[in-house]
Structure formats: C-alpha cells, structure tokens
Amino acid sequence: MSPDGILNGNGWKPKGMHWRTFERLQASHDADVNAALACM
C-alpha cells in the first residue's frame, strides 16, 4: 500500500468495481490533481 497524497500513484482498482467506473473516477481524480497543481 502506498502513502496517501496527490503526488503519489493512483492506486489499484478495488475488487468488484467495474473497469468503466474505475476509469471514470480515475479521470476525475487526475483532472482535480492537475487543477490543484496548476494553482500552486
């Protein structure tokens, strides 16, 4: 398990979660991280 934080990796798909849901959430997370880093 990796430490928490926006600069660390995205992590792994939880067992039982559909790939489409995981990819949608990951894309949303990546967009939020990019927006936060742009403001810094």
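Which residues, taken from region 8-22, are loosely packed, with under 10 Cβ neighbours inside 10 Å and over 10 Å from the mean Cα position of the chain (by Cα)?
Of everything in region 8-22, those that are loosely packed, with under 10 Cβ neighbours inside 10 Å and over 10 Å from the mean Cα position of the chain (by Cα) turn out to be Pro14, Lys15, Gly16, His18, Trp19, Arg20.
Take the conditions among the charged types (D, E, K, R), surrounded by 10 or more Cβ atoms within 10 Å (Cβ to Cβ) and free of Cβ contacts under 8 Å to residues at least 24 places away in the same chain and apply them to Asp4. Does it pass? Step through it out loud before you land on a result.
Numbers: among the charged types (D, E, K, R): yes; surrounded by 10 or more Cβ atoms within 10 Å (Cβ to Cβ): no; free of Cβ contacts under 8 Å to residues at least 24 places away in the same chain: yes.
So Asp4 fails the test.
Computed from the coordinates by the stated procedures, all read-outs in this text should not be read as laboratory data. Everything numeric in this text was worked out from a predicted model, so none of it was measured. Cβ atoms come from the backbone with ideal geometry, glycine included; neighbour counts cover every protein chain shown.
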